[in-house]
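Below is one structure, written out as structure tokens; the observations come after it.
The values are calculated or read from the model by the stated rules, or taken from the named source; none is laboratory data. All figures in this text were calculated on a predicted structure; none of them were measured in a lab. Methodologically, a virtual Cβ is constructed for each residue, glycine included, from the backbone with ideal geometry; neighbour enumeration extends over all protein chains shown.
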Amino acid sequence: MLTRLREMHSPLAWGLIAGAALLIAALPAIGLPEYLVPQFGKFLCFGIAALAMDLVWGYAGILSLGHGLFFALGGYSMGMYLMRSIAGEGVYRSALPDFMVFLDWKTLPWYWSGFQSFGFAAVMSLVVPGVLAFVFGWFAFRSRIRGVYFSIVTQALTYAATLLFFQNATGFGGNNGLTDFKRILGAPLHDPTTRRTLYLVSAIALLGTYFVCRFVVTSRLGRVLTAVRDAELKTRFCGYESTHYKVFVWTLSAMLCGLAGALYVPQVGIINPSEMQPSNSIEMAIWVAVGGRGTLLGAVLGAWLVVGGKSWLTAAIPSAWLYALGALFVIVTLFLPRGLVGLGAKLRPAVDMVIARLRRPAKAT
Amino acid sequence: MSATAATPPTMEDERPTPIVSIVIPDSALPDSPPPADDSTLPDVGRRPYVLWVEDLSVSFDGFKALNGVTLELETGELRCLIGPNGAGKTTLMDVITGKTRPDTGGVFLDRRENDLTKLSECRIAELGVGRKFQRPTVFQGHTVYENCELALRGRKGVWSTLFRRRTPAERDRIQDILKIIGLSEHAARPAGLLAHGQKQWLEIGMLLAQDPKVLLVDEPVAGMTHAEMERTAELLRSLAGKHTIVVVEHDMEFVRSIARRVTVLHEGRVLADGPMAEVQADPRVVEVYLGE
């Protein structure tokens with residue numbers, strides 16, 4: 001076990017990661033303003049989604065433009081639990097969620113059963129995206145759909161799901177989605193302690209996800225995945241059923257995305273079909289591109305930078321955001337093919353030289 | 001076979017099957033005549049064929065890339081496959097390794113049950129057919145060491161690769177291979193940074209790691225210096241016997257240096273087949289290929 005940990009990172013790197021994790025976890029206790037706690041919790045969830053994205057794109061070379069769907073499905077699973085936990089407290093005092101009363105439904109649809117249990121909802125937030133990804137991936141990869149064609153199909157998939165969820169008849173609240181949540185596991189959602197707990201759980205989930213991803217990419221399976229990315233046919237001639245590998249990593253990634261969505265919803269208090277919009281999935285790809293594909297930590301960093309930039313810019317110049325996002329993508333694609341992490345690696349010799357020069361006169365005196 | 005099932009085969013289909021079968025004791029049946037020496041039918045019991053190709057045809061949009069190719073490989077032989085461009089050499093390799101499906105015919109490994117034309121690429125690799133591509137194909141992003149590791153024979157399922165670690169035996173095997181192909185000092189270098197000849201070597205090393213029964217080697221010396229070529233010839237010769245090797249090569253000097261038996265393909269057919277000297281003397285071969 002210890003040697004496996006050492007294969008994953010050097011002791012120094014593990015130390016740095018542990019330090020960063022502790023710092024993040026301690027933020028609310030050391031002066032992060034109360035109103036920003038859910039905001040930062042959201043960032044942590046995006047970090048998880050970015051890791052999931054980097055796993056399939058950076059390492060296995062599968063560019064998904066539909067990961068927002070898996071994120072939203074995880075979110076909806078959790079939202080359904082939160083919705084059912086306030087049964088009888090809605091405007092209509094009905095056991096059904098308000099939007100169903102509004103549609104004049106008398107009983108809960110079958111697919112809402114079980115979601116009164118938190119455990120069931122939590123499991124479903126992983127299983128639903130996982131099963132969808134498995135089935136979709138199985139057929140797509142077996143038919144050898146790859147590259148840009150695969151990306152387009154995933155984009156179409158998430159768009160189709162958006163349209164489906166917009167329908168009131170689908171039974172997920174139409175374009176309003178699920179909202180007006182009040183408590184999770186009996187704890188009021190607006191209570192600062194609950195918010196901090198959710199933040200902490202998200203931080204632990206992010207660390208756990210990082211650990212899982214790092215474990216995967218440093219295993220032999222990880223090396224097979226990169227081999228599939230670089231020369232798929234060759235891996236098949238080496239005896240690897242590349243389809244199985246792709247389905248595996250694709251499904252794992254979708255489940256991690258579902259986890260991110262499930263943690264995201266109680267912190268923002270709403271889930272609606274706009275989370276599935278194609279643009280959201282594309283934004284996830286941009287996080288990873290900006291941070292650096294195939295670096296894991298870079299992907300998290302990229303997500304935080306882009307989302308942070310978005311929060312700031314949409315407040316300052318609301319109309320400029322999409323242009324800025326597009327420009328960012330173009331710049332990164334043209335000049336930083338390996339993202340910010342790649343830029344760091346490129347600048348390193350220069351930085352070392354500057355440091356060495358600064359030291360020399362100091363030594364001379 | 002039971003003694004009662006000895007209905008003699010009939011040549012004419014119209015003749016009704018006799019209702020009363022004649023019982024002949026096994027001992028009374030004459031021995032089947034031994035196959036003639038030049039028989040092309042595989043007889044696994046007598047001649048240990050490892051791989052045989054039967055009446056293989058492949059066409060692409062009406063163009064017959066392979067047109068009824070029949071070919072047998074004996075265990076441990078080193079066979080050279082030559083022929084002008086478009087003769088169907090690479091297509092034949094593609095069919096054997098499962099990349100291309102034939103229109104008719106079959107490819108069998110060891111037993112008649114192993115029809116490779118019905119199996120996936122990775123299943124064929126697992127059964128023991130390794131292939132080196134025409135253009136050197138290595139995993140660019142991986143180190144030389146990792147390239148060999150990935151090619152190693154062993155369990156290649158998702159779960160076993162997720163949890164299995166390198167065993168000491170595997171490490172030794174990789175070191176041995178690196179020594180054979182002369183890339184020990186480059187073990188930690190990314191394969192993408194190797195020189196062209198070194199990539200060719202690495203690919204042969206990866207084939208060795210796979211430890212296949214049959215090695216298909218497409219143009220192993222393309223772009224190599226003369227010295228490198230000699231080392232390659234030496235290596236291939238030393239591997240024959242333990243493995244069955246098929247080499248596709250354009251360089252006639254190289255073919256002459258390694259070939260025991262040569263098969264000439266032309267326009268999707270086997271034009272000639274035999275020892276190098278005999279094939280070289282064949283006027284048809286001279287006309288289409290060597291005479292150029």
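Odds and ends about this structure:
- Positions within the range A:103-127 being part of a helix (DSSP H, G or I) and either over 29 Å from residue A:254 (Cα atoms) or in contact with an Asp or Glu (Cβ under 6 Å, 6 or more places away or on another chain) (or both), in sequence order: none
- With respect to being within 28 Å of residue B:96 (Cβ to Cβ), among the small types (Gly, Ala, Ser) and modelled with pLDDT of 90 or more, residue B:209 fits the description.
- Positions within the range A:280-317 being farther than 21 Å from residue A:64 by Cα, assigned to a helix (DSSP H, G or I) and free of Cβ contacts under 8 Å to residues at least 60 places away in the same chain, in sequence order: A:309, A:310, A:312, A:313, A:314, A:315, A:316
- Any hit, the range A:264-276, residues being among the aliphatic types (A, V, I, L, M), in contact with a Gly (Cβ under 6 Å, 6 or more places away or on another chain), within 18 Å of residue A:63 (Cα to Cα) and more than 14 Å from every other protein chain (Cβ to nearest Cβ): yes
- Look at (1) part of a helix (DSSP H, G or I); (2) within 16 Å of residue A:141 (Cβ to Cβ) and you find that residue A:44 fails only one, number (2).
- Qualifying residue in the range B:203-211 (condition: touching a Pro at 6+ places or on another chain (Cβ under 7 Å) and not in a helix (DSSP H, G or I)): no
- Inside the range A:85-102, residues that are assigned to a loop (DSSP other than H, G, I, E, B) and either charged (D, E, K, R) or loosely packed, with under 15 Cβ neighbours inside 10 Å (or both) make up a count of 8.
One line per residue, one yes/no per condition, for (1) surrounded by 14 or more Cβ atoms within 10 Å (Cβ to Cβ); (2) on the phi > 0 side of the Ramachandran plot; (3) modelled with pLDDT of 85 or more; (4) not basic (Lys, Arg):
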site: B:163; (1), (2), (3), (4): no, no, yes, yes
site: B:182; (1), (2), (3), (4): yes, yes, yes, yes
site: B:185; (1), (2), (3), (4): no, no, yes, yes
site: B:192; (1), (2), (3), (4): no, no, yes, yes
site: B:205; (1), (2), (3), (4): yes, no, yes, yes
site: B:261; (1), (2), (3), (4): yes, no, yes, no
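- Exclusive hit being under 29 Å from residue A:225 (Cβ atoms) and part of a helix (DSSP H, G or I), set A:36, A:82, A:55, A:63: A:55
- Residue count, the range B:157-189 (criterion: outside any helix (DSSP H, G or I) and within 11 Å of chain A (Cβ to nearest Cβ)): 4
- Top-ranked residue of the range B:233-245 - restricted to ones that are hydrophobic (A, V, I, L, M, F, W, C) and farther than 12 Å from residue B:207 by Cβ, ranked as modelled with the lowest pLDDT: B:240
- Residue in the range A:212-219 that is within 24 Å of residue B:155 (Cβ to Cβ) and of a type in the set (Gly, Ala, Ser) present: yes
- One residue stands out in the range A:238-267 among those that are of a type in the set (A, V, I, L, M) and touching a Pro at 6+ places or on another chain (Cβ under 7 Å): the one that is nearest to residue A:138 (Cα to Cα), namely A:254.
- Taken over the range B:98-125, the residue count meeting the criterion of being over 14 Å from the mean Cα position of the chain (by Cα) and closer than 16 Å to residue B:151 by Cβ is 1.
- Wholly within the range A:128-242, helices (runs of 4 or more DSSP H) carrying at least 1 residues that are away from chain B (no Cβ under 14 Å) and surrounded by fewer than 17 Cβ atoms within 10 Å (Cβ to Cβ): A:147-166, A:192-218
- Restricting the range A:28-61 to residues that are more than 21 Å from the chain's Cα centre (by Cα) and not β-branched (Val, Ile, Thr), the residue that is surrounded by the most Cβ atoms within 10 Å (Cβ to Cβ): A:28
- Output for the range B:215-224, where each listed residue is in contact with a Gly (Cβ under 9 Å, 6 or more places away or on another chain) and surrounded by fewer than 23 Cβ atoms within 10 Å (Cβ to Cβ): B:223, B:224
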